[in-house]
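Every read-out reported here was derived from the displayed coordinates using simple, explicitly stated rules and does not represent laboratory data. No experiment lies behind these values; they were computed from the predicted model shown. Neighbour counts run over all protein chains shown; Cβ positions are idealised from the backbone, glycine included.
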Amino acid sequence: MRICCFQPGATEIVYALGLQDQLYGVTAQCDYPVDARTKPVIVRSVFDGTSPSSGQISEVISEQLRQGLGLYITDEAALRSANPDILLTQALCDV
């Protein structure tokens, strides 16, 4: 089984179940357990690598949603390379 997690909590569950050897991709926010940082990053936030103010965050979110875009970017090449059987994710809530 090949697993990719699109949500940090799901990554923690995979480790808690002892399935970390079957984990082939995580988000940039997956940092627990520490070993999760060694897994390939499949999903990044549009804010990764930046330190925006709350006003800038609001502007970016509004613009992304206005354009019908999400707040997360999937590295499609990395996802294809991971070749998962299972994707663990959740829907985003409205803000």
Over the chain, the sum of -39500 (n - 2.57) across DSSP H runs of at least four, divided by residue number and rounded to 500 deg cm²/dmol, gives at 222 nm -9000 deg cm²/dmol
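The chain: Rg/Rh from Cα coordinates, Kirkwood Rh? Numbers along the way, then the final one.
On the way: Rg = 14.3 Å, Rh = 14.2 Å.
A ratio of 1.01.
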For region 25-41, in order, what is each residue's ³J(HN,Hα) by Karplus, 6.51 cos²θ - 1.76 cosθ + 1.60 with θ = phi - 60°, in whole Hz (x at glycine and Pro)? x, 9, 8, 5, 8, 6, 10, 9, x, 3, 4, 4, 5, 8, 7, x, 8
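Using Cα pairs under 8 angstrom and six or more residues apart, how large is the relative contact order of the chain, in percent?
In percent, rounded to a whole number, it is 39.
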State the extension gain, in nm to one decimal, for the chain segment bounded by Asn83 and Ser58, taking 0.36 nm per residue of separation less the distance between their alpha-carbons. 5.6 nm
Placing each pseudo-label 7 Å from Cα in the direction of the beta carbon, Leu65 and Leu19 end up separated by a distance in nanometres of 3.2 nm
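Go through 81-91, 9-19 and give me the packing order, highest mean Cβ count within 10 Å leading. Let's see the in-between values first.
Numbers: 81-91: 13.1, 9-19: 15.2.
Averaged packing, sorted descending, gives the order 9-19, 81-91.
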